[in-house]
Amino acid sequence: MLKSLHENKKVQLIIGLVLGIFFGFFLQKGGVTNYNIIIGQLILTDFTVFKVMLSAVIVGMLGVYLLRSLGFAQLHLKQGSIGSTVIGGLIFGVGFAVLGYCPGTAAGAVGQGSLDALFGGVVGMLIGTGLFAAMYPKLQRKILNKGYFGDVTFPQLLKVNPWVVVITFAILLTAFLFWMENIGL
Amino acid sequence: MMLELLFMEQWSPYMAGICIGVLSWFAFLLSDKPIGCSTAFTRTSGMIERLFRGSKVNEKPYYKEFTPTVDWEWMLVLGVVIGAFISSSLSGVFQLQWVPSTWAATFGNSLSLRLLVALIGGILLGFGARWAGGCTSGHGISGTLQLAVSSWIAFICFFAGGLAAAFFIFNILGG
């Protein structure tokens, strides 16, 4: 039943839209579509972004691994390499601070009326992704595959049952959130 | 109580995060996909380029991997705009604004300066997201929750680059 749902392209477009509406709603209610809150995180005066992201990761991880163990979901991992993940990540980080939004929160910021996110952020991202598409063949040959390590997960790397890592991460990340609250962040 | 939540200006960050975590279950279950945002911008960029240069754009190697069409993730990003609009309208914080207050407090109210900087930031962000193969959603939430090594490295690099650049912008240029 799930497979036929996954293959129904039209229904999937509607599900994507509905999930997106919830995503935008939660991002906005969490405060992370707000420039001031994102910059506050990056200059370490406001820890809302970490709190939202880490609690999403803890809850998401427990549920997705449970769905996987029950046979209702499979993982979709991204390939990684030093040349792609590290260099791209650092460029992204600089853009994150210069713009003050990331791609998803920029879309959310547009929804709450932030015109800098629309005319600066969205227009800039369209130019930036277009530039990347133009340079892709060259980057692919020269940089993106340097230090390739593929789509390995921590449980595979440590050669243990995934649940060992899931439970450990859940405890460590929760402890980290409690610690942040305790020291007043 | 539930209704009050819809009209609140801001939730506890933990509550918003937990809701996003639960939402990710539904993305895997109903769509067999992790939540992500940046490929929607790639596809749109390709669609715009196609308007000017025609169907040969489809032959670019990158657009063979990410065809310039409206797909699930494109609809998701459209949904994000709508969802944030609904949320901010219900709480009354929706406001057309050109220059955010934290920016204005350091660099003034100049519209052209803010737009120029935001445009440069957007270009770096779009370029870097595709270079890294994902953004704060695709790597930062969906990839990390799957315990992918690549996504945890990306997450660390996003914030390493972000903290360094924000420190430079606000404490050195603005200080």
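The values are calculated or read from the model by the stated rules, or taken from the named source; none is laboratory data. Remember, predicted model here, so these are calculated numbers, not experimental data. Neighbour counts run over all protein chains shown; Cβ positions are idealised from the backbone, glycine included. What goes into the accessible areas is simple: the full protein's heavy atoms, side chains included, and nothing from ligands, DNA or RNA. Shrake-Rupley method; radii C 1.70, N 1.55, O 1.52, S 1.80 Å.
At a probe radius of 1.4 angstrom, the accessible area of the protein assembly as shown per residue rounds to 42 square angstrom.
How big is the B/A interface in buried accessible area, both sides summed, 1.4 Å probe, to the nearest 100 Å²? Buried: approximately 10300 Å² between A and B. Think of chain A as having a plus end and a minus end, set by charges on the Cβ of Lys, Arg, Asp and Glu; of A:PHE96, A:GLN140, A:PHE72, A:GLN140 sits farthest toward the positive end of this dipole.
Between B:PHE7 and A:PHE178, the C-beta separation translates, for a Förster distance of 30 Å, into a calculated FRET efficiency of about 0.55.
Going by the alpha-carbon gyration tensor, a ≥ b ≥ c the square roots of its eigenvalues, is the protein assembly as shown rounded (a/c under 1.5) or, if a/c is not under 1.5, prolate (a/b greater than b/c) versus oblate? Taking the square roots of the gyration eigenvalues as a ≥ b ≥ c, the protein assembly as shown is rounded. For the stretch B:1-96, the calculated P(r), taken from all Cα-Cα distances in 5 Å bins from zero up to the bin holding the longest distance, is 3, 11, 15, 17, 15, 14, 10, 7, 5, 2, 0 percent.
Interface residues of the stretch B:45-67, defined as those losing at least 10 Å² of solvent-accessible heavy-atom surface relative to the isolated chain (probe radius 1.4 Å), are listed as B:SER45, B:ILE48, B:LYS60, B:PRO61, B:TYR62, B:TYR63, B:GLU65.
Rg of the Cα atoms in chain B, relative to 2.2 N^0.38 Å, amounts to 1.19. Using the Stokes-Einstein relation with a Kirkwood hydrodynamic radius computed over Cα pairs, the translational diffusion coefficient of chain A at 37 °C and a viscosity of 0.692 mPa s comes to 170 µm²/s. May I ask you to derive the relative contact order of chain B, considering only C-alpha pairs under 8 Å and at least 6 residues apart, and to give it as an integer percent? Computed value for chain B: 25 percent relative contact order. Net charge of the neighbourhood of A:MET180, taken over other residues with C-beta under 13 Å away and scored Lys/Arg +1, Asp/Glu -1, is -1. Using C-alpha pairs under 8 Å with a sequence gap of at least 6, the mean separation divided by the residue count of the stretch B:1-96 gives a relative contact order of 34 percent.
Here the Kirkwood formula puts the hydrodynamic radius of the stretch B:99-175 at 13.9 Å, using every distinct Cα pair. Since only A:GLN156, B:CYS157, B:ALA104 are under comparison, the one whose Cα sits farthest along the positive direction of the charge dipole of the protein assembly as shown, derived from C-beta charges on Lys, Arg, Asp and Glu, is A:GLN156. Within the accessible surface of the stretch B:127-175, defined with a 1.4 Å probe on protein heavy atoms only, the carbon and sulfur portion equals 78 percent. A cut-off of 5 Å between modelled amide H atoms, ignoring neighbours fewer than 5 places along the same chain, links A:THR153 with B:VAL149.
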